[in-house]
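> Provided herewith is a single structure, encoded as structure tokens, for subsequent inquiry.
Bear in mind these aren't lab numbers, they're just calculated from the coordinates by the rules spelled out. Bear in mind the structure is a predicted one, so any value in this text is a computation, not a measurement. A quick note on method: Cβ atoms are made from the backbone with ideal geometry, for glycine too, and the neighbour counts reach across all protein chains shown.
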Amino acid sequence: MPRSVTYIFVQAAFVLSAGSYAGAEITVESWRVITGIVDTQSSDDPSEFAVFEDNVVNPFQDSHEVLLGQSRTSASYDFTWTADTANFHIDTTHFLMELDGRTITEGRITVHPAVDSIIAFDAFFDFSWPSAAIGGSILGFSIFDIAMDEPISSNSDSGGNFDLGAPFGTLALDGSALLLGGRDYLIGYSARIDHFTPTPPGTHGDGTGNIHFTITPVPEPATASLLIAGLLLSRRRRRGCP
């Protein structure tokens, strides 16, 4: 089952870019989206990453792929926004062949809704590898209120045989949160596989999934009051308020 975490992941190299898209009630301020591979046992070229950043465009439909040794990752993106509505979709595939290391697809996107809005998200990630290899997989999604300097939603799901689970399975997340108009929010996602021992020669591990989230205005008028009350109550309970 998904479980809350304080942060999905910490990556010091993530520095927000200063881009924006004008002329819409919802603004995408910046993004940094990546896919990559890290070989923890190699001293020569131990990692390879592909990055999109510093170029906020609407719509954004693109993809990139990384190769390291016999392993590879890829990610494709479909981002669109207009008026006060936005849609973000990420597809990713991971292939780990005799890799002692990790594959990663993750991102940080900063958005600024002009009106009170609802962000709804869902994600899944299928993973599998031979039982002779020991590894784990994690799927995460977080929403951070930049002005308040606090997470308003942070969820993850994990699996694998590093903790005596199965070397295959499906991770899944879904949920929603309230975004107040006029504030900046940092949205983070991550799909990752770690292999602590490589797959045997001639075998490989796989991961396939997607992350999807939408931002839409809070319904008006009566429905909005009920929805906002429920979301605010949920936030107060998470923060330990009476």
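> Counting other beta carbons within 10 Å of each Cβ, put PHE127, PHE79 in order, fewest first.
Ascending number of Cβ neighbours within 10 Å: PHE79, PHE127.
> Do me a favour and compute the ellipsoid semi-axes for segment 41-85 from its Cα gyration tensor, root of five times each eigenvalue, largest one first, whole Å.
31, 11, 7
> Here's another thing I want to ask about it. Please give the direction-averaged projected area of the C-alpha convex hull for segment 143-195, in square nanometres with one decimal.
4.7
> Against the empirical 2.2 N^0.38 Å scaling, what ratio does the C-alpha Rg of segment 175-224 come to?
Cα-based Rg divided by the globular estimate yields 2.02.
> Give me a comma-separated list of calculated 3J(HN,Hα) values for segment 30-39, in order, Karplus coefficients 6.51, -1.76, 1.60 applied at θ = phi - 60°, integers in Hz, x for any Gly or Pro.
6, 7, 9, 10, 9, 9, x, 9, 10, 9
> Next up: Could you give me the percent of Cα pairs per 10 Å distance bin for segment 94-227, shortest bin first, beginning at zero and ending with the bin that holds the maximum distance?
12, 36, 25, 16, 9, 2, 0
> Turning to a different aspect of this structure: Could you run the Karplus curve 6.51 cos²θ - 1.76 cosθ + 1.60 with θ = phi - 60° over segment 123-136 and give me ³J(HN,Hα) per residue in whole Hz, x for Gly and Pro?
After applying 6.51 cos²θ - 1.76 cosθ + 1.60, I find 7, 8, 8, 8, 9, 6, 7, x, 5, 6, 9, 9, x, x Hz.
> Starting with the fewest neighbours, write out SER117, SER158, SER128 ranked by other beta-carbon atoms found within 10 Å of each beta-carbon.
Ordered by Cβ neighbours within 10 Å, fewest first: SER128, SER158, SER117.
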